[in-house]
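Everything below concerns the one structure shown next.
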Amino acid sequence: MSLELWNTLFAGGTFVVITATAIAATVQLRHLRASNQLVALTTVLSDWQRPQLQEWLRFARWEIADKLKDPEFVASLRTPDRTKHPELLLADYFEVV
């Protein structure tokens, strides 16, 4: 066989190897993405069970409407203290999620 034929065969072989590597990388990236989504979902579901988060949700659902009628509560939002405003902690949580 001539040198040109060997060169062509090796170039074709290199192309096949690079193509196979790209396909394998794509498959791995899909698996990694699915794994990351599963970890994120598990974390959110775990956080959802925390009593502290449930307390923030309870406050946002049932108490904040009455609190917003109080002028002192509304005025305290100008310089918010997160110990007095759990709705802000809930908003922070959902911003991170």
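Every residue in segment 47-81 that is loosely packed, with under 10 Cβ neighbours inside 10 Å and among the hydroxyl-bearing types (Ser, Thr, Tyr), please.
Scanning segment 47-81 gives a single hit, THR79.
Within segment 63-97, how many residues are among the hydroxyl-bearing types (Ser, Thr, Tyr) and either under 28 Å from THR43 (Cβ atoms) or outside any loop (DSSP other than H, G, I, E, B) (or both)?
Within segment 63-97, residues that are among the hydroxyl-bearing types (Ser, Thr, Tyr) and either under 28 Å from THR43 (Cβ atoms) or outside any loop (DSSP other than H, G, I, E, B) (or both) number 2.
Taking segment 86-97, which residues are free of Cβ contacts under 8 Å to residues at least 24 places away in the same chain and either surrounded by fewer than 11 Cβ atoms within 10 Å (Cβ to Cβ) or more than 25 Å from the chain's Cα centre (by Cα) (or both)? Full working, then the answer.
Applying the first criterion (free of Cβ contacts under 8 Å to residues at least 24 places away in the same chain) to segment 86-97 yields 88, 91-92, 94-96.
Listed by number, the residues that qualify are PHE94, GLU95, VAL96.
Scan segment 61-72 and tell me whether some residue there is in the same structural domain as LEU89 (by TED's automatic domain parsing) and in contact (Cβ under 8 Å) with a residue 12 or more places away in the chain.
The answer is yes; a qualifying residue exists.
The values are calculated or read from the model by the stated rules, or taken from the named source; none is laboratory data. All values derive from a computational prediction rather than experimental measurement. All Cβ positions, glycine included, derive from the backbone under ideal geometry; neighbour counts span all protein chains shown.
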